[in-house]
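Okay, so here's the structure we're looking at.
The values are calculated or read from the model by the stated rules, or taken from the named source; none is laboratory data. Bear in mind the structure is a predicted one, so any value in this text is a computation, not a measurement. Here Cβ is always computed from backbone atoms with ideal geometry, including for glycine, and neighbour counts include all displayed protein chains. With ligands, DNA and RNA removed, areas are computed over all heavy atoms of the protein, side chains included. Shrake-Rupley method; radii C 1.70, N 1.55, O 1.52, S 1.80 Å.
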Amino acid sequence: MKTLVLVGHPNIEQSRMNKAWADRLEKEENVTVRHLYKEYPDMKIDVEREQNLLLEHDRIVFQFPFFWYSTPAILKEWQDKVLEFGWAYGSAGTKLHGKEFLVVTSTGGPSGAYRSGGFNHYSMSELLKPLQATANLTGMRFLPSYVEHGVRVLNDEEVADSAEKVAGYVVDEDLKRGR
């Protein structure tokens with residue numbers, strides 16, 4: 001299985017968690033890691049290039065810090081440009097059918113902040129529904145998300161441990177079976 005990881009972090013060099021994840025994933029066989037802000041600092045997405053990369057991979061991963069209850073701007077722009085009508089959705093838009101889609105994200109706040117009655121009032125499952133709807137619309141199978149909460153307070157050992165867990169999760173064949 002070939003996996004494409006689209007990293008949407010606006011300042012990856014200053015990130016502890018997302019940088020550790022990306023660095024660790026780059027060591028995996030059959031995993032392509034793309035830093036979208038580095039590829040497109042002007043936000044001008046090369047649609048054909050990105051679509052060709054999607055066609056070459058079986059599992060698509062959005063990796064990002066959870067900003068304002070959504071993805072960073074580059075991932076939204078990527079979706080708006082790359083997932084075109086007639087290519088990714090619509091009666092003739094079947095290019096992504098059967099592929100897998102996975103979200104790997106980090107939050108600064110603790111897990112308890114992301115639940116009914118918590119600081120943010122909603123669970124991560126609820127907040128990630130727009131990405132699940134995108135997967136559904138494009139015919140991709142939405143896999144269970146990997147969320148790391150409270151990344152601001154994790155020590156170096158915990159960050160490294162999370163990077164190992166993410167690498168194992170992203171390449172896990174059992175995800176296909178819904179484990």
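Which one is modelled with the lowest pLDDT among residues in the stretch 3-58 that are of a type in the set (K, R) and under 26 Å from A160 (Cβ atoms)? Top of the filtered list is R16.
Checked across the stretch 29-46, the condition of being in contact (Cβ under 8 Å) with a residue 24 or more places away in the chain, of a type in the set (D, E) and open to solvent by 70 Å² or more (accessible area, probe 1.4 Å) holds for no residue. Filtering L96, L54 for residues that are without any contact (Cβ under 8 Å) to a residue 60 or more places away in the chain, under 30 Å from S123 (Cβ atoms), open to solvent by less than 60 Å² (accessible area, probe 1.4 Å) and in a loop (DSSP other than H, G, I, E, B) leaves a single hit, L96.
Mind listing whichever residues of the stretch 57-70 are open to solvent by 20 Å² or more (accessible area, probe 1.4 Å) and either part of a strand (DSSP E or B) or touching a strand residue (DSSP E or B) at 6+ places or on another chain (Cβ under 7 Å) (or both)?
Filtering the stretch 57-70 for residues open to solvent by 20 Å² or more (accessible area, probe 1.4 Å) gives 58, 66-70.
Within the stretch 57-70, D58, F66, F67, S70 meet the criteria.
Screening T134 on (1) of a type outside the set (A, V, I, L, M, F, W, C); (2) touching a Ser or Thr at 6+ places or on another chain (Cβ under 9 Å); (3) outside any loop (DSSP other than H, G, I, E, B); (4) crowded, with 16+ Cβ neighbours inside 10 Å shows it passes everything except condition (2).
Which of the residues spanning the stretch 15-28 are in contact (Cβ under 8 Å) with a residue 40 or more places away in the chain and open to solvent by less than 60 Å² (accessible area, probe 1.4 Å)? Of everything in the stretch 15-28, those that are in contact (Cβ under 8 Å) with a residue 40 or more places away in the chain and open to solvent by less than 60 Å² (accessible area, probe 1.4 Å) turn out to be S15, M17, N18, A20, W21, A22, R24, L25, E28. Being modelled with pLDDT under 95 and not in a loop (DSSP other than H, G, I, E, B) is a description that does not apply to G117.
If the condition is being open to solvent by less than 30 Å² (accessible area, probe 1.4 Å) and either acidic (D, E) or more than 21 Å from N18 (Cα to Cα) (or both), then the stretch 140-166 contributes only M140. Against the conditions (1) in a loop (DSSP other than H, G, I, E, B); (2) in contact (Cβ under 8 Å) with a residue 12 or more places away in the chain, E77 satisfies every one except (1).
Taking the numbered list (1) outside any loop (DSSP other than H, G, I, E, B); (2) within 15 Å of the chain's Cα centre (by Cα) in turn, E157 passes all entries but (2).
For the stretch 132-142, check the following and say yes or no: at least one residue is touching a Pro at 6+ places or on another chain (Cβ under 7 Å) and farther than 24 Å from K44 by Cβ. No, the stretch 132-142 contains no residue that is touching a Pro at 6+ places or on another chain (Cβ under 7 Å) and farther than 24 Å from K44 by Cβ. Every condition in (1) assigned to a helix (DSSP H, G or I); (2) over 15 Å from V5 (Cα atoms); (3) out of contact with any Gly (no Cβ under 9 Å at 6 or more places or on another chain); (4) not basic (K, R) is met by G112 except one, and the failing one is (3).
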